[in-house]
Each structure stands twice: as structure tokens, then as C-alpha cells.
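The values are calculated or read from the model by the stated rules, or taken from the named source; none is laboratory data. Just so we're clear, the structure is a prediction, and the values are computed from it rather than from any experiment. As a convention, Cβ positions derive from the backbone with ideal geometry for all residues, glycine included, and neighbour counts pool all protein chains shown.
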Amino acid sequence: MRYTFQDSTDLPLQRDFIQDLNDFIDIAKNVLPLENSAIELHDEESVEASSLESRIANLDKFSKDIQKYVDELSQGAEDKEILECRNTIMDACIANSENGLKLLNQKLEQIKRESESGLYKIENDILVTLNSFFRYGIYNSSKRYYASMKNDSLKGTLKASFSGIDYSSDLTYSHDILTVKEVYGDLFLPTWTKSGIIHKERKVKMLDVSEFVITSINYDGNNHIDTSFENHKKEQNFKISCDADNCQIYYKDMDIMADETLIKSVKIESIDAFMEELRKYVQMFIKTQTLTQILLDGKDAVRNNEIFDCLKLIAEQYGDIVKESLERGYVKNEITIKIEASDGTRTEKYITKQEAFDQLAELGSEGLELASILGVD
């Protein structure tokens, strides 16, 4: 597929931007009410908690004031009747205040637990709602991939960032157990071995690592990638670490590339090709991707009710494309792209500014602000 503006200029990203824009509007319509409900729940909890905390403080002060007053009033008294009366008042005051404080603190803890439970559910719903959009609809984010064997299964983590937003996702891959052969094919690496019937001599051996299991992959999304793999008995293991102009290969603790004899047997082109296939694998063979965290300026955007601020940053990205589409379009107030299929078939997709504005306006002031940033107001 080829995606262009109406004047046949390529889109800055080869994406169905009209679909992405519609998805963005739908996401806003679904997630902002959730965030607002979290804000309301938090405010209600704050009011109730503040009221109870005030009652707790007042009861505690009242009890202490009564005890102080009775203690001062009976100071120096020697009559048995007065002392008994003093002790009875003091005991009753202490008992009643302790019981009252206990009940109030229990109610306070209950309110906090219920609020936390409610907020946790809303926060989880927000992450679920945003999951698909953050997987496909965020443009120009830098992505780093980490994968490793956990409980005999290959699991991964994606960490991405753009415009002050950092987000993380848990990943599962197409293979639970991934071997070198499955990701690349046959691969041989040089090691030292000893052979000979009478006199053992060190010789270079090309070890077939094709069936070795990949135990970790770390790819920074740019130049650096490293991987570890081992045989099924976990007796032999390799680590390869490559950057743009450098590659290191370790067998256990031995640096193969520092050995003048072993390095001669290393086929760098095979290593480069293997590492390139690993780069493709961690990006393209993702089976499931689950959004787990969104940070804005290093702080939890979901817990701090800052998802709207995140949407505004995303809207700025989309707004640039909306503006260019309107400038390059032939129909006023229509955001239009052309799609050319591999067989040459061409179609157009569009959404009018009014349609986008009307949908966002349903959200009130927040929607109107997003519409302004997108340039559809």
C-alpha cells in the first residue's frame, strides 16, 4: 500500500491516517469519561476522608481536654469520693474516646480501600482502552525491546517514548521456545577443543549452535543489539553484542573476538545477518502486547489523571498531518488521503472537519481543546 495526500505527495508515515484519526477520536470519547470518573472518585474520597480525619482529630482533642480539665479540677483532692468520681470520669472518657476513634479509623480505612479498589479498576480500564491505540497509533516513538526466557517461555517488554511520554508494554512472542535455527537457520561459531589419542592438542572447532535456545534479546531500536543463547543442557552458552561498527562474541567468559586464531574463523556476514533477523523478530513476531504503564514527564499519567495531557501531545502530531492534508487537498474543509494498492487500484478516504469537530464536541471543553489542537475547529 502507498498512502499519499490528495495531490499524490507521500504521507510522512505510510499509514491510513484517516483510520488513525478516527481511532484517536474514538479513544478520546472512551478514555476521557473514564479519567473523569477517576477524578470524581478521588475527589469524593478526599472529601469523605477529610471529614473523618477532622472528626478523629476533634474527638482526640476533646478527650484530652476533658482528661486535662478533670485532672486539674481534682488536683490536691484527698477525699475518697472525689477521687473515685475522678477515676470513673477519666476511665469512661478514655474508653469512649478509644472506641469512637477505633470506629472512625476503621471507617476511614474502609473508604480508602474502596476508593483504591475503584481507582485500580478504572486505571486498568484506561490501560485496556488505550492498548491498541498505543500499539499502532503513536507516531515517531523511539522503541526499545527486551526479551528473555521466563518459566520456559519467551517473554518481552517494550519501552517507548515520544514528546515527554514514556510507555511500557508486556510482550509475548510467536515462539515460546526460540532457537537460533528458527530465527535464522544454521549457524556455526568457533571455539577451542582438545583432541588426540595420546597427546591432547588444542584445536579450533566450529560448533553448530543452530539448536541452541535463545535466552535473551535486547534491542535499543537503533544500532545496539545483544543476545544470549545456550544448549539444552545449559552447559554451553554464547553472548553476541553488536553496534553499528563493532561486534563482540563471548563463549562462556572467553572473548572470541580477542583471540587472534578464533577470530579468523568467525564469519562476520553470518553474524550480521543473524542479528538482523533478531531485530526483525522482536519487532514483527509479537503475539500479544499489553500496555502496563504510561508516564508523563516521569510520573504515572494514569494515577495522576494526566491522560488528557497525553492525548493533547498526540493531537499535536496528528494536527501537523491534518494541516498538511488540508493544504494539499482539493476540497475545502476535507481531510483526504489517497490509497494505492499493489495492483494499482486507487481509492480515497476522507473525514470532514465538521464531522471530526462534532464528535469531539460531545466531550465538552476537553473535546473542544483537542479539536483546536487537531485543527478541526
Given (1) touching a Ser or Thr at 6+ places or on another chain (Cβ under 8 Å); (2) farther than 27 Å from A38 by Cβ; (3) part of a strand (DSSP E or B); (4) of a type outside the set (G, A, S), index of the condition I177 fails: (3)
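Only one residue in G185, G164, G137, G118 is more than 30 Å from L313 (Cα to Cα) and surrounded by 12 or more Cβ atoms within 10 Å (Cβ to Cβ), so which one is that? Write out each step before concluding.
On the way: G164 fails: more than 30 Å from L313 (Cα to Cα); G137 fails: more than 30 Å from L313 (Cα to Cα); G118 fails: more than 30 Å from L313 (Cα to Cα).
The match here is G185.
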Please go through region 230-246 and pick out each residue that is touching a strand residue (DSSP E or B) at 6+ places or on another chain (Cβ under 7 Å) and hydrophobic (A, V, I, L, M, F, W, C). F238, I240, C242
Looking at region 144-158 only, could you name the residues that are surrounded by fewer than 18 Cβ atoms within 10 Å (Cβ to Cβ) and modelled with pLDDT of 95 or more? R144, Y146, S148, K155, T157
Quick one: in region 52-72, of everything that is loosely packed, with under 13 Cβ neighbours inside 10 Å and not charged (D, E, K, R), which residue is farthest from V302 (Cα to Cα)? Y69
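Go through the residues of region 318-335 one by one and say whether even a single one is assigned to a strand (DSSP E or B), more than 21 Å from the chain's Cα centre (by Cα) and not aliphatic (A, V, I, L, M). Can you show your working first?
The initial filter retains those residues of region 318-335 that are assigned to a strand (DSSP E or B), namely 334-335.
Going one step further and asking which of them are more than 21 Å from the chain's Cα centre (by Cα), we end up with 334-335.
Right, trim to not aliphatic (A, V, I, L, M) and you get 334.
Yes: one or more hits.
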Any chance N218 is under 35 Å from the mean Cα position of the chain (by Cα) and modelled with pLDDT under 95: no
Would you check if S228 is among the polar types (S, T, N, Q), farther than 30 Å from S37 by Cα and surrounded by 19 or more Cβ atoms within 10 Å (Cβ to Cβ)? yes
Any residue in region 137-150 that is outside any strand (DSSP E or B) and among the hydrophobic types (A, V, I, L, M, F, W, C)? yes
If we scan region 342-350, do we find a residue that is of a type in the set (G, A, S), in contact (Cβ under 8 Å) with a residue 12 or more places away in the chain and either within 13 Å of D16 (Cα to Cα) or surrounded by 15 or more Cβ atoms within 10 Å (Cβ to Cβ) (or both)? no
Given the conditions (1) among the small types (G, A, S); (2) in contact with a Ser or Thr (Cβ under 9 Å, 6 or more places away or on another chain); (3) surrounded by fewer than 16 Cβ atoms within 10 Å (Cβ to Cβ), every one holds for S241 apart from (3)
Filtering region 255-313 down to residues that are within 20 Å of the chain's Cα centre (by Cα) and β-branched (V, I, T) yields V282, I286, T288, T290, T292, I294, V302, I307
Among residues of region 342-377 being more than 34 Å from the chain's Cα centre (by Cα) and not β-branched (V, I, T), the residue modelled with the highest pLDDT is E348
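Any idea which of S148, S115 is closer than 30 Å to N36 by Cβ, touching a residue at least 40 places away in the same chain (Cβ under 8 Å) and more than 15 Å from the chain's Cα centre (by Cα)? It would help to see each step written out before you state the result.
Working: S148 fails: closer than 30 Å to N36 by Cβ.
The unique qualifying residue is S115.
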Can you tell me which residues in region 207-225 are farther than 21 Å from L262 by Cα and either touching a Gly at 6+ places or on another chain (Cβ under 9 Å) or not assigned by TED's automatic domain parsing to the domain that holds I249 (or both)? I217
All but one of (1) outside any strand (DSSP E or B); (2) among the small types (G, A, S); (3) closer than 27 Å to D170 by Cα hold for S270; state the number of the condition that does not hold. (3)
Among the numbered criteria (1) closer than 19 Å to L32 by Cβ; (2) crowded, with 18+ Cβ neighbours inside 10 Å, which one does L313 miss? (2)
